[in-house]
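Have a look at the structure below before the remarks.
The values are calculated or read from the model by the stated rules, or taken from the named source; none is laboratory data. Everything quoted here is computed from the prediction, not taken from an experiment. A quick note on method: Cβ atoms are made from the backbone with ideal geometry, for glycine too, and the neighbour counts reach across all protein chains shown.
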Amino acid sequence: MMRIAAAALLASASLAARADEQPWEKKNWECLRPSRGCHIQRCCEVSFGVWVREKPGAAVREVRAAGEIDAPPDRVYDVVTDFERYAQFMPYLEDSKVVRRTQDEVVTWAIMNAPMVSRRDWVVRVKLDPATKSGTQWTVASEGPAPSERAVRLKVNDGSWKLEPLDGGKRTRATYYLYTDPGGSIPGWIANRANTMALPELFEAVRKRVAAQAMVSRR
């Protein structure tokens, strides 16, 4: 059950804030990992960290993670926007498909089959950045497959990836933001714990996929 948010975490992107007010740039984040009691932006200077923040009037908290990936930002971007093949490398993702894709936007559907809970699915509209490949943003979309009895449809799924160059562009600092509610009868405290526990697994899946793609390109 601790994996319940894996699907939403592995899906890719959403408008959680205005373009000039990105969610990771706001204050009042509480650092959970590393556990040094840090509550400020400077915590992001560690190799991997997880933060949470209370959202007024909501039982589920916003979550954020930041970590380093041994590949240039453009290669990481290509992986986190490869929605057609998400089910091949994202944990617990049973299926996914692109509903519509343009140069600057993708509408994508996916379904998760995590242990101990019923299936969850979602449709999100992802804003792309093909010019700089510096990140994505997403929110729920009304397009795509209609909700069915096969899965509980996520009604809240806002998030983003921010990709910044390290070491002269050889490596990447990735910042991931998510605000989602798994719906159904899942208590808020379980959803909150699952959201934060799934973040390291999400980053590891992206790292492995980036490395695998690099090996293929060298052949």
(message) Kindly evaluate W122 against the criterion of being touching a residue at least 40 places away in the same chain (Cβ under 8 Å), assigned to a strand (DSSP E or B), in contact with a strand residue (DSSP E or B) (Cβ under 8 Å, 6 or more places away or on another chain) and of a type outside the set (S, T, N, Q).
(response) yes
(message) For the range 152-191: of the residues being in contact with a strand residue (DSSP E or B) (Cβ under 6 Å, 6 or more places away or on another chain), surrounded by fewer than 19 Cβ atoms within 10 Å (Cβ to Cβ) and part of a loop (DSSP other than H, G, I, E, B), which is modelled with the lowest pLDDT?
(response) G184
(request) Name, by its number, the condition in (1) basic (K, R); (2) touching a strand residue (DSSP E or B) at 6+ places or on another chain (Cβ under 7 Å); (3) buried (at least 17 other Cβ atoms within 10 Å of the Cβ) that does not hold for R75. (result) (2)
(request) Inspect the range 99-122 for any residue being buried (at least 17 other Cβ atoms within 10 Å of the Cβ) and acidic (D, E) and give the result as yes or no. (result) yes
(message) Tell me the residue from E94, E84 that is part of a strand (DSSP E or B), within 22 Å of F203 (Cβ to Cβ) and of a type in the set (D, E), please.
(response) E94
